[in-house]
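The values are calculated or read from the model by the stated rules, or taken from the named source; none is laboratory data. Worth saying up front: this structure is predicted, and the values here are computed from it rather than measured. Here Cβ is always computed from backbone atoms with ideal geometry, including for glycine, and neighbour counts include all displayed protein chains.
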Amino acid sequence: MIKVFHWTVGGAPVHVANVMTSSLEEAFRLTQNINGSWSQGQFFENREENPDFDNRIELIAPLTVDSTGKTWGLRSTSMFDEMELNDKTYVVKAAGFALKSSTPFDIKRIEVA
């Protein structure tokens, strides 16, 4: 099982889902909004089938309901989000994943002339 964490505007990762797989690539793919919403269940509120539903995803974070009663799904997993597998945390990169270091980001100082 892979735990998926999305970074928030406030700068803290939030546990949004557990994905029943041992592949980081598959967990990433399954938490993308491609033709529907990975986080909204098998059927939408209007009873249409949700093409992005997968029963290997356990939603952890609550969904937002706006003032009109519409339920909004979660965003896709993207760069800087994190995935936990076998007690190790991986950061989503532009291409692939990196084992998270002890510091939040590996930032190198750049001298400007």
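So Asp81 passes all but one of these: (1) acidic (Asp, Glu); (2) farther than 17 Å from Ala12 by Cα; (3) touching a strand residue (DSSP E or B) at 6+ places or on another chain (Cβ under 8 Å); (4) buried (at least 16 other Cβ atoms within 10 Å of the Cβ). Which condition number does it fail?
That leaves (2) as the condition not met.
For segment 1-57, how many residues are hydrophobic (A, V, I, L, M, F, W, C), more than 12 Å from Glu84 (Cα to Cα) and touching a helix residue (DSSP H, G or I) at 6+ places or on another chain (Cβ under 7 Å)?
Final tally of qualifying residues: 2.
Consider Lys3 against the criteria (1) within 18 Å of Lys100 (Cβ to Cβ); (2) assigned to a helix (DSSP H, G or I): it satisfies all of them except one. Which criterion is unmet?
All conditions are met except number (2).
Residues that are among the acidic types (Asp, Glu), modelled with pLDDT under 95 and part of a loop (DSSP other than H, G, I, E, B): does segment 78-87 have at least one?
Yes, the conditions are met somewhere in segment 78-87.
Please count how many residues of segment 84-105 are under 19 Å from Asn33 (Cα atoms) and surrounded by fewer than 15 Cβ atoms within 10 Å (Cβ to Cβ).
Here the count works out to 4.
Which one is surrounded by the most Cβ atoms within 10 Å (Cβ to Cβ) among residues in segment 17-64 that are in a strand (DSSP E or B) and not hydrophobic (A, V, I, L, M, F, W, C)?
Restricting to residues being in a strand (DSSP E or B) and not hydrophobic (A, V, I, L, M, F, W, C), the top hit is Asn18.
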